[in-house]
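The values are calculated or read from the model by the stated rules, or taken from the named source; none is laboratory data. On a predicted model such as this, the values are computed, not experimentally measured, just so you know. Neighbour counts are summed over all protein chains in view; Cβ atoms, including those assigned to glycine, are modelled from backbone coordinates with ideal geometry. For accessibility, only protein heavy atoms count, side chains too; no ligands or nucleic acids. Shrake-Rupley method; radii C 1.70, N 1.55, O 1.52, S 1.80 Å.
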Amino acid sequence: MTRALVFDSGVGGLTIATELRRAAPDWTVDYAADAGFFPYGVKTDDELRVRLPGLCASLVDIARPDVLVIACNTASTLSLADIRACVAIPVVGTVPAIKPAADLTRTGVIGVLATPGTVKRAYLDDLERQFAAGKTVIRRGSAGLVDMAERAVRGMAPDADAVAYAVQPMFDGPEGARIDVVVLACTHFPLIREAIAAACPPAVTLIDTGEAVARQALRVAPASTGNDPGGAPVAYVTGGHANLAAMAPVLARFGYADVRVVDL
Ligand code: DGL
């Protein structure tokens with residue numbers, strides 16, 4: 001049996017955990033939310049660089065997974081290499097789906113919807129150079145959509161005007177009207193996919209990385225380590241018992257009845 005640990009700042013990584021459970025029904029898929037340090041999207045690069053490698057190493061020590069999935073674009077596009085250097089197991093990152101978008105677009109104009117952190121990353125410049133040469137990529141960062149996704153999983157439907165306010169500027173600039181593919185480059189955003197789709201012109205296709213990340217985890221995970229004692233999946237939450245209380249009902253709905261606070 002294989003044990004995976006899926007990690008994000010909040011509930012966004014649950015979209016990846018769901019895809020992973022679908023792709024590997026016999027795996028135990030644990031979850032970790034750095035709720036005490038959420039949101040990542042507005043933190044400075046230095047703050048995240050200092051926190052992420054040590055945090056991930058500690059989570060791996062506690063959860064003892066066979067594979068670690070960084071289910072966060074903001075973290076992966078900054079610290080994937082540093083995290084890999086700190087843990088002895090395979091690490092799968094989640095990065096914006098620029099290549100699939102470049103393959104899919106017919107107009108040659110792609111929108112990327114991400115956190116304010118991810119849209120500034122050199123990693124994204126590299127993805128564009130490598131996979132979207134000759135295409136136009138229009139980036140839009142929004143912390144508001146992350147909050148809306150956190151609220152949506154707690155039963156508060158996103159406000160259509162607020163979603164439009166976050167999304168519309170992508171289409172208003174030069175060439176924006178020609179966008180036909182929008183990359184959901186934050187794992188929170190598939191949680192409010194319908195609301196985002198409703199704020200985009202009808203011909204726009206939204207794509208995310210959930211399935212691709214799950215496939216990659218299956219590819220890199222060791223065949224069988226005997227590491228997994230079996231049993232129900234566990235969710236770990238940072239930031240103390242207040243965060244546990246806020247997250248436990250959501251995590252329970254995603255199959256995590258066993259939620260533990262970790263002091264990291
Ligand atoms: N879910 C994270 C991502 O994919 C970021 C959310 C946050 O700002 O913490 O980028």
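Filter region 1-20 down to residues that are in contact with a strand residue (DSSP E or B) (Cβ under 6 Å, 6 or more places away or on another chain) and farther than 19 Å from GLY240 by Cα and give me whichever is farthest from the ligand (Cβ to nearest atom). Top of the filtered list is ARG3. Could you please tell me which pairs satisfy a Cβ distance under 6 Å, a separation of 6+ or placement on different chains, a first residue in region 41-58 that is within 22 Å of ARG140 (Cα to Cα), and a second residue that is surrounded by fewer than 22 Cβ atoms within 10 Å (Cβ to Cβ)? From residues that are within 22 Å of ARG140 (Cα to Cα), the pairs are GLY41/PRO116; GLY41/ALA143; VAL42/PRO116; VAL42/ALA143.
Summed over region 66-90, residues that are open to solvent by less than 10 Å² (accessible area, probe 1.4 Å) and among the aliphatic types (A, V, I, L, M) total 7. The conditions of being within 16 Å of the chain's Cα centre (by Cα), within 16 Å of the ligand (Cβ to nearest atom), in contact (Cβ under 8 Å) with a residue 24 or more places away in the chain and under 24 Å from ILE110 (Cα atoms) are not met by ALA166.
Condition check: under 19 Å from PRO65 (Cα atoms), in a loop (DSSP other than H, G, I, E, B) and in contact with a Lys or Arg (Cβ under 9 Å, 6 or more places away or on another chain). Does GLY255 satisfy that? So GLY255 fits the description; yes.
Of all residues in region 21-51, those being open to solvent by less than 20 Å² (accessible area, probe 1.4 Å), among the hydrophobic types (A, V, I, L, M, F, W, C), within 15 Å of the ligand (Cβ to nearest atom) and over 16 Å from TYR236 (Cα atoms) number 1.
Inspect region 177-196 for any residue being open to solvent by 70 Å² or more (accessible area, probe 1.4 Å), in contact with a Ser or Thr (Cβ under 7 Å, 6 or more places away or on another chain) and on the phi > 0 side of the Ramachandran plot and give the result as yes or no. No: zero hits.
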